[in-house]
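Working notes, structure below.
Values in this text are rule-based calculations from the coordinates and carry no lab data. As the structure is a computational prediction, the values presented were derived from the model and not from experiment. Quick reminder, even Gly has a Cβ in these numbers, built from the backbone with ideal geometry, and neighbours come from all protein chains shown.
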Amino acid sequence: MRSDFFKDKIVILDGAMGTVLQQKGLPPGGQPELLNLTDPALLESIYREYMAAGSQVIYANTFGANGLKLGRTGHGVEEIITAAIGIARRAAAGTEVRVALDVGPLGELLEPMGSLPFERAYELFREMAVAGEKAGADLAVIETMTDLYEAKAALLAVKENTDLPVFVTMSFEERGRTFTGCTVASMARTLEGLGADAIGLNCSLGPDLLAPLLKELCENTRLPVIAKPNAGLPDPVDGHYDMGPEAFAQALMPCLDAGVTIFGGCCGTSPDYIRCLKAALAGKSPAPRRYDAAGFLCTPVTPLRLEGVRVIGERVNPTGKKRFQQALLENDLDYILDVAIQQEDAGADILDVNVGYPGVDEVDMLPRVVKKLQSAVSLPLQLDSTNPDALEAGLRVYNGKAAVNSVNGEAAVLERILPIVKKYGASVVGLALDKGGIPQTAEGRVAIARRILDAALSCGIPKEDVWIDCLTLTVSAQQEQAMETLKAVRTVRRELGLQTVLGVSNISFGLPNRPLITQNFLIQAMAAGLTLPIINPNQREMMDAVAAFRVLSGEDVQCQAYVARFTGEAAPVKAAAPSAAGDMTLDDAIIKGLKADAGRLAKQALETESELTLVEQHLIPALDQVGEAYEKGKMFLPQLLSAAQAAQSVFEVIRAAIAEKGGAPVKKGRLIIATVQGDIHDIGKNIVKTVLENYGYEVLDLGRDVAPETIVETAVKENIRLVGLSALMTTTLPAMEETIRQLRELPEPPVTFVGGAVVTPEYAEKMGADYYAKDARQSVEIARKVLE
Amino acid sequence: MRNGQEVNGVKPDIDEALRYLGAGNGAPETLRREISAMADRLAGQLQPRWTYQVFDLRREDGAFRLCGPDIVLAGRTAERMLAQCGQAVLLACTLGVRFDALLRAEQVRDMARAVMLDACGSALVESGCNAAEGEIRARFPDRYLTDRFSPGYGDLPLTLQPSICAALDMPRRLGVHVTGSLLMNPAKSVTAVIGLSDRPQRARIRGCAYCSMRETCTLRKGGKSCAL
C-alpha cells in the first residue's frame, strides 16, 4: 500500500523551503517555482539537507505551481511540476524518502468571498494533481489552506484524478479559526468525510500556540494528524521568527501526547529544526487517540455536534407554497435565501433544502441554491431530493458536512444513493419504508431501519451518520399510527442508538387548531427520543416547545437559553417597533420604515383597494416623500433604505395576493444592473437594487465582476431597455466603458446609466453613458423616465 | 507582539462611521444610537488584524525605493511625505473575510442595517490602522512618524498594491489578496506607508490640529498649511 508509510507510525516531514532560500540570499516574493527551471541544483541541495536531517517526506517546490499564478510567467503547470518532482526524485533516489506534490492556495479567493468559481478551482487543482502523479510524486499534500471550500476543491481534484494518498493541512489563528472563520471541528470532519488520508495544521503559529488546536483536531478525526508549525511568530522589523530549533522541537512534544504522528516545520524552520525534531522524537511511539464519534454536521463557521434536540427548518420547500413555487420558476434565488435566513434567525439548527417542482431542473437548481444559501446562511444544510444526480451536484458544491434526505429500505434506492453519501462524507436520512410501503407496526419500521443501517455500514458510512425517519402519518386519517410512530422512534433511539428524524407538521393535517396537535406530538416525540424534528421554526409554538424540552432534558444548562428567549434578552430577531394604536396609515409605516406594520396595513388595505391602487397611491408617493427628504439631507441612507424595505413588505403582500389568484405579478418594467468586470465589492449596486425593486421595477441583478459580453447577451435575450452599471475603482472604469461601447453597437441599444464611487458626470458623458446617477434615488428618476 | 494575529479592544469611531453615511453632525440621535450599538457588537464579533514591516529607504533617480522588496514609491506625495525619512514602514490592516460574510448576510436581512454595518466596518479598519500606528510608535520611541498615506492617495499609484501585498506576505499573514483590477479582497483592508524620521514630522494629512509643530509653524502663522 502506498499509504502504509504513515499509518500508526511517526513520520518526519521537511521544513520550510522559502526560509532556506532566503537564507541562501534569494529575495522574498517573486515566484519560487521558477527555480525548478533556473536553479535545480540549489533545490536538490536543500532536499538533501532535509533528508540528512531526518525528513522522510520532502515537499517538491510546487506550492504555487497552479495555472493562475504561473499564468503570468509564461510557463506551464506540467512543465514546472515535472521539473520540480524530477529534482526531488533525484534527491530521494535510492532512499525510502517519499516525494510529495505540494499544493498551496490558488492565490485568489473563491466565491462567494472572491470571484473564482469552485468548479474553476477544481480544474486548476486537477491540472496540478495529474501532472504531479505523472511526474512520479508518491503523495499529494494540500497545505496552508484557510478556506475549507478551496481545500475541498483540491482534495476532490486529487482523489478523482489520481491514486495518490493525500494529506491536507490548514492554517489557523490562535482563536481556533482560519481567516475565513473555519473551525477545527468543521475542517476535521469535512475533510475526513471527503476521504483525506491524513489531516493537520501548518503555518501561521508556532507549536506552542498550535498545540491546543491540534489536540482538538485529534478528538475530531480518526485520521493520522499532521503538525507543521512555524518557528514561532515573525518580528515585524526584521522578519525573523522567534523560536529556535531546540525550543521548537520541545514545544511539539505535547502534540505527540495529544495524538499527532506526522511532524514537520513551516515558515522560519530549516534543516536544523528537523534535526532537533528527529532527536526529540527518537524512541517515541504514537500516543493513544480518543476520537469523539458523535453525529455531526457543519458549515465552515458552524460546527454542529448532534446532541439533544436539533431543529431542522422545513421552509425551503415548494410543496403547497405558491410564492415559493413562483420563485423557483422565476429563478428568484433571493427569495429562497430570504426564507432560509428567516429560519436561521428563528433558531433553526439545520435547514432542509428541497427545490423539486414540475418545470424545475433539480440537477441544475439544487447546486445553485446551495451556493446561494451558503453565501449568507451559516447553518448546515440537509439536501432533500430523490434525484441522485441532483444530490451529487448539490453535495459537490456544499461547503462543509451536509445531510441527505433521503433513502429508504428499498435495495435499489440504497445502492444508488449511499455511495454518493459516502463519497461526500454526508449524513443520511433513512425513511422507514420500502417497496411494500410504510409498515403499520413499529416493529416493521424498526426492521427497515436496521436494514438501512446495515447497508450504510457496509458502504463505509459510520453509524453516527445514519439518521432514521420513522414517518409521521396524519392522525385524522390513521389515528392509531401516531403511537406506532412514537414507539418506533423510541426503539430506534434506544436500541439502535441512531439519530431520529420526523417531519412533525404532517400529524395535524386536516384538523382545526393544527398548531396545538403538532406541538403536542412534537413534545411527545421528543420525549420518546426524537432528536431531529423537521418543523417550521417560524412557528412560535414549536420553538417554544423545543425551548421548554431543552430545559427539562437538562440540555439547556441553567435554563440560560430559555430565560433569554422569554425575557427577550438576546432575542435573535429584533421585534418590530410597537406601533402606536390603530391610527398609523400605510404611508406613515413606509415613511418610518416599519416593515411589519407596513405589511399588516397593506393586507388590510387590500380588502378595499386594488393592488395597483396600493402601489400608485400609497407606496410610490410615500417613497417619494422619503426620497425628497433624503435629497435635502434631512434623511440619511439607512432611513431611505428602511423605507424601501417597508415598501418591500408591501410588495410581498401584493405578490402573495396575486400568486394566490394565479395572476401575473405587478411589475413596472425591467432593467439590468451589474457591477462591472473586475469589481468585486457590490454593496452600492445592492443599495440601488433594493430601492428600485421597492418602486416596483423588476431588477435583473447580474451580480459583480460581470463581463461586458454577459451584460450584452442578457440585454438582448431579455429584451432590456435600461442597463445600470456600477464601478468602484478607477481601475475598473475601462470595463464600464467597454460594456457601454458593446451595448451601443447593438441594433437597438438599451439606455445606460452609471454610478459608483469613482464615477463622475464628466466620466459618464465621456464613456457614452446616457445618464449619470449620483445615488440610488436618482436611479429611480432615471428608471421612471426610461421605463414609464 | 502578535504579527498578523487578532488583537482585542479596537473600537470603531462612531462619528467617523456617521460621516461615511453622509450624516456627520446632522445625524439624528436614533441613528447615532443604532450605529453605536452596532459598532460595539461588531467590535465584539471581530477585531482588525495587521502586519507591518520596516524597510530602509534609498533615494534613486528622484524617487524613493524601499530596500529589500524593491518597491519604488514614485510621485510628489511620497517625495513630500518621506523627504526627511531614512526608513519607512509598510502597514496592512484588515477586518478579514468574516466581515464580508457578516455584511452579505446583513444585506439579505436588512439593507438599511447593512449600510450602517458597512460604515462601522470602514471605521473599524481605520481604528485598526490607528492602533497599529500606536504599536509602531511605541516600538520606535526615538523616531518621528509621518502621517500614514495609502496607494490611491495623492499621486501614490494604486499599481503598488500587488508589490506591497507580496512584500508583506499578505495572503499568508492576513488572508488579504489583491485582484487583477487592484482591488483588495476582503473589502475592509487598508495598506499604508508611514515614514520614520529623526526629525519631528508635520501632520500634513491629519491637519494642523494634530501637528507637533502647530505652535511654531511659520506656514500656519501665514494662514497656510503644508497639506499636499
Where does helix A:708-717 land angle-wise versus the long Cα axis of chain A, in degrees 0 to 90, nearest 10?
40
Neighbour counts of other C-beta atoms within 10 Å: give me B:Leu73, A:Leu671, A:Leu297 arranged from fewest to most.
B:Leu73, A:Leu671, A:Leu297
Computed from the beta carbon distance with a Förster radius of 51 Å, FRET efficiency for A:Leu26 and A:Thr474 to the nearest 0.05 stands at 0.10
Over 21 Å between alpha carbons, listed pairs A:Lys668/A:Lys689; A:Lys603/A:Lys785; A:Lys24/A:Lys134; A:Lys24/A:Lys69; A:Lys215/A:Lys284; A:Lys159/A:Lys215:
A:Lys603/A:Lys785; A:Lys24/A:Lys134; A:Lys24/A:Lys69; A:Lys159/A:Lys215
Run the Debye formula on the Cα coordinates of the stretch A:586-661, all scatterers equal and no solvent, and tell me log10 I(q)/I(0) at q = 0.22, 0.23, 0.25, 0.27 1/Å.
-0.87, -0.93, -1.06, -1.19
How well do other chains shield peptide A:109-116, expressed as the mean number of their Cβ atoms within 10 Å of each residue Cβ?
4
Pairwise label distance in nanometres, A:Met584 with A:Asp364, each label 7 Å out on the Cα-Cβ vector
4.3
Do you know the relative contact order of the stretch A:660-788, to the nearest whole percent, from alpha carbon pairs under 8 angstrom that are 6+ apart?
27
For peptide A:672-685, what's the mean number of Cβ atoms from other chains within 10 Å of each residue's Cβ?
3
Would you work out the relative contact order for the stretch A:4-281, in percent, from Cα pairs under 8 angstrom that are 6 or more residues apart?
19
Which ordering of A:His75, A:His681 is given by a fewest-first count of other beta-carbon atoms within 10 Å?
A:His75, A:His681
Once exposed loop chymotrypsin sites (Phe, Trp or Tyr not before Pro) are cut out (DSSP; at most 15 other Cβ, 10 Å), longest piece of chain A
A:1-290
Partner lysines for B:Lys11 [C-alpha distance under 18 Å; skip if fewer than 8 residues away on the same chain]
B:Lys188
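At a threshold of 8 angstrom on Cα-Cα distance, excluding pairs fewer than six apart, so keeping six or more, what relative contact order does chain A reach in percent?
That works out to 7 percent.
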Enumerate the lysines that A:Lys487 could reach by cross-link, defined here as Cα to Cα under 29 Å, with residues fewer than 8 away along the same chain left out.
A:Lys435, A:Lys463
With 10 angstrom as the radius, rank B:Cys208, A:Cys298 by how many other C-beta atoms surround their C-beta, starting from the fewest.
B:Cys208, A:Cys298
Would you give the gap between the C-alpha center of the stretch A:156-172 and the C-alpha center of the stretch A:603-654, rounded to a whole Å?
53
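Loop-only trypsin sites (Lys or Arg not before Pro) in the stretch A:1-74, please: DSSP not H, G, I, E or B, and at most 13 other Cβ atoms within 10 Å.
Here the trypsin sites (Lys or Arg not before Pro) that fit, given the DSSP loop and packing criteria, are A:Arg2, A:Lys9, A:Lys24, A:Arg72.
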Extend 7 Å from the Cα of B:Arg59 along its Cα-to-C-beta direction; within the stretch B:81-99, residues with backbone N under 17 Å of that point are B:81-88
DSSP-defined beta bridges in chain A - what % are antiparallel, rounded to 5
10
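When the gyration tensor of the protein assembly as shown is built from Cα positions, what are the square roots of 5 times its three eigenvalues, in whole Å, from largest to smallest?
46, 42, 26
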Qualifying GluC sites (Glu not before Pro) for the stretch A:34-143 [loop in DSSP, other Cβ within 10 Å: at most 16]:
A:Glu96
Shape of the stretch A:361-491 from its Cα gyration tensor (a ≥ b ≥ c, root eigenvalues): rounded if a/c is under 1.5, otherwise prolate when a/b > b/c, or oblate?
prolate
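Mean residue ellipticity at 222 nm from the helices of the protein assembly as shown, using -39,500 (n - 2.57) per DSSP H segment of n ≥ 4 over the full residue count, to the nearest 500 deg cm²/dmol? Don't skip to the answer; put the middle values down first.
Details: 38 runs with 442 residues, N = 1016.
Using -39500 (n - 2.57) per qualifying helix, the result is -13500 deg cm²/dmol.
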Could you name the aspartates and glutamates in cross-link range of A:Lys401, using Cα to Cα under 12 Å and dropping any fewer than eight places away on the same chain?
A:Glu192, A:Asp465
So what's the net charge close to A:Cys255: Lys and Arg +1, Asp and Glu -1, counting the other residues with Cβ under 14 Å from its Cβ?
0
Summed over the other residues with a beta carbon less than 15 angstrom from that of A:Ala282, with K and R at +1 and D and E at -1, the charge totals +3
So what's the gap between the Cα centers of the stretch A:36-85 and the stretch A:475-494, to the nearest angstrom?
62
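Are there trypsin sites (Lys or Arg not before Pro) in the stretch A:643-723 that DSSP marks as loop and that have at most 14 other Cβ atoms within 10 Å, and which are they?
On the way: sites: A:Arg655, A:Lys661, A:Lys667, A:Lys668, A:Arg670, A:Lys685, A:Lys689, A:Arg704, A:Lys717, A:Arg721; in loops: A:Lys667, A:Lys668, A:Arg704, A:Arg721.
Those that pass, being in a loop and sparsely packed, are A:Lys667.
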